[in-house]
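Asker: Sending over a structure as structure tokens; questions will come in a sec.
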Amino acid sequence: PTRNRLEVLQPCVESLLARTAYPNFEILIVDNDSDDPATLAYLEQISDLKSQISDSRSEGSDSRSEVSAPSRRVRVVRFPGEFNFSAINNFGVAQTEAPIVGLLNNDLEVIHDDWLDEMVSHALRPEIGCVGAKLYYPDDRIQHAGVILGIGGVAAHAWQTHPRGAAGQAHRNLLQQNLSAVTAACLVMRREIYLQVGGLNADELKVAFNDVDFCLKVRAAGFRNFWTPYAELYHHESVSRGKEDTLEKRDRFRSEVEYMVKTWGDLLTNDPAYNPNLTLTINDFTLALPPREWPPLQ
């Protein structure tokens, strides 16, 4: 999804094209009412390139003489109306028949060119549902290393703000692992599973926690959610969406919290991928003092 903010969108697209070794992919940009002239010109340029390709193919000419190969990998579709992260992503998935789909924020930058190979290799495993990546802030602090249920009342990112090379408890920050949830800022999975669970909740979870809810639906359907530290990207978090800084946004966020608590109940404080002896106060897998369970698990 994107709306304006060419200064993050263009580097994101260019990094995907320049630093993705996986050979068979398409970037589908879902534009949500951009009105910035520079952004519109950029999106139009990409659309024009696609038109040139279609025209050259219909005329029987060699499209490679018309436009470079990477341009054939970008497509723009329009989603008008209010910002609804869930609805926009559901719409995007509906525009493709690819067996593997990825949800990507427009403020990502690829670090290593094997990121998509790594994520797809796990998404193809029959027991795996959602596959998440390791994301960093621009200053190389960790932004996402999986999601822990219960922290902050609903969920929070593991190891957030810790140094990039931090090994963490039992070195788990450096290890592939099953988790209850991962962020949809960079999530890869099989399209059939996405459709099977009904996609993201566009009614009750328009902006926040839709990815956690989605992952829990995937888990309830019998799949395991997976996080890998070997797919690394920078994430300029919430640059284009903004923050919960108005009364309307705070009311919407409050209703999303209430929905999550009502829907998932005790699961939010009993994460199957997180030891009950560990704290729900901070995100670094330290012991809970006093213990959350009494008597503590032996």
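The values are calculated or read from the model by the stated rules, or taken from the named source; none is laboratory data. Bear in mind the structure is a predicted one, so any value in this text is a computation, not a measurement. Glycine also receives a Cβ, built like all others from the backbone with ideal geometry; neighbour counts cover every protein chain displayed.
Asker: One residue is enough: does region 94-106 have a residue meeting the conditions surrounded by 19 or more Cβ atoms within 10 Å (Cβ to Cβ) and assigned to a loop (DSSP other than H, G, I, E, B)?
Answerer: Among the residues of region 94-106, at least one is surrounded by 19 or more Cβ atoms within 10 Å (Cβ to Cβ) and assigned to a loop (DSSP other than H, G, I, E, B), which makes the answer yes.
Asker: Could you tell me whether any residue of region 110-119 is in contact with a helix residue (DSSP H, G or I) (Cβ under 7 Å, 6 or more places away or on another chain), surrounded by 20 or more Cβ atoms within 10 Å (Cβ to Cβ) and within 25 Å of residue 236 (Cα to Cα)?
Answerer: Yes: region 110-119 contains one or more residues that are in contact with a helix residue (DSSP H, G or I) (Cβ under 7 Å, 6 or more places away or on another chain), surrounded by 20 or more Cβ atoms within 10 Å (Cβ to Cβ) and within 25 Å of residue 236 (Cα to Cα).
Asker: Regarding residue 146, is this residue among the small types (Gly, Ala, Ser) and within 22 Å of residue 47 (Cα to Cα)? Spell out how you get there, then give the answer.
Answerer: Numbers: among the small types (Gly, Ala, Ser): yes; within 22 Å of residue 47 (Cα to Cα): no.
The answer is no for residue 146.
Asker: Let me ask another. If we keep just the residues of region 1-43 that are part of a loop (DSSP other than H, G, I, E, B), acidic (Asp, Glu) and more than 17 Å from the chain's Cα centre (by Cα), which is surrounded by the most Cβ atoms within 10 Å (Cβ to Cβ)? Show your work before the answer.
Answerer: Residues of region 1-43 part of a loop (DSSP other than H, G, I, E, B): 1, 3-5, 19-26, 32-36.
The next check asks that each one be acidic (Asp, Glu); those that pass are 26, 33, 35-36.
Okay, now just the ones that are also more than 17 Å from the chain's Cα centre (by Cα), so 33, 35-36.
On the way: 33: 12, 35: 8, 36: 14.
Among them, the one singled out is 36.
Asker: Continuing with this model, one more query. Could you list, in sequence order, the residues of region 144-169 that are part of a helix (DSSP H, G or I) and free of Cβ contacts under 8 Å to residues at least 40 places away in the same chain?
Answerer: Here is the first cut: in region 144-169, the ones part of a helix (DSSP H, G or I) are 151-153, 169.
Listed by number, the list holds a single entry, 152.
Asker: Going by what's in this entry, would residue 216 be described as of a type in the set (A, V, I, L, M), more than 15 Å from the chain's Cα centre (by Cα) and either surrounded by fewer than 17 Cβ atoms within 10 Å (Cβ to Cβ) or part of a helix (DSSP H, G or I) (or both)? Let's see the steps before the verdict.
Answerer: Working: of a type in the set (A, V, I, L, M): yes; more than 15 Å from the chain's Cα centre (by Cα): no; either surrounded by fewer than 17 Cβ atoms within 10 Å (Cβ to Cβ) or part of a helix (DSSP H, G or I) (or both): yes.
No: the conditions fail for residue 216.
Asker: Name the pairs whose Cβ atoms lie under 9 Å apart, with the first residue in region 72-93 and touching a residue at least 24 places away in the same chain (Cβ under 8 Å) and closer than 19 Å to residue 206 by Cβ, the second surrounded by fewer than 20 Cβ atoms within 10 Å (Cβ to Cβ) and β-branched (Val, Ile, Thr), and 6 or more positions between them or separate chains?
Answerer: Going by the 9 Å Cβ cut-off, the qualifying pairs are 83/207; 84/207; 85/207; 86/207; 91/77; 92/77.
Asker: Further, regarding this structure: Inspect all residues belonging to region 119-133 and state whether any of them is in a loop (DSSP other than H, G, I, E, B) and either modelled with pLDDT under 95 or of a type in the set (Val, Ile, Thr) (or both). Spell out the reasoning first.
Answerer: So in region 119-133, the residues in a loop (DSSP other than H, G, I, E, B) come out as 124-127.
So of that shortlist, the ones also either modelled with pLDDT under 95 or of a type in the set (Val, Ile, Thr) (or both) come out as none.
Within region 119-133 (the criterion being in a loop (DSSP other than H, G, I, E, B) and either modelled with pLDDT under 95 or of a type in the set (Val, Ile, Thr) (or both)), the answer is no, since none of the residues qualifies.
Asker: On to the next question. With the structure loaded, tell me whether residue 46 is surrounded by 14 or more Cβ atoms within 10 Å (Cβ to Cβ), under 23 Å from residue 16 (Cβ atoms) and either within 23 Å of the chain's Cα centre (by Cα) or modelled with pLDDT of 60 or more (or both) or whether it fails that test.
Answerer: Details: surrounded by 14 or more Cβ atoms within 10 Å (Cβ to Cβ): yes; under 23 Å from residue 16 (Cβ atoms): yes; either within 23 Å of the chain's Cα centre (by Cα) or modelled with pLDDT of 60 or more (or both): yes.
So residue 46 passes the test.
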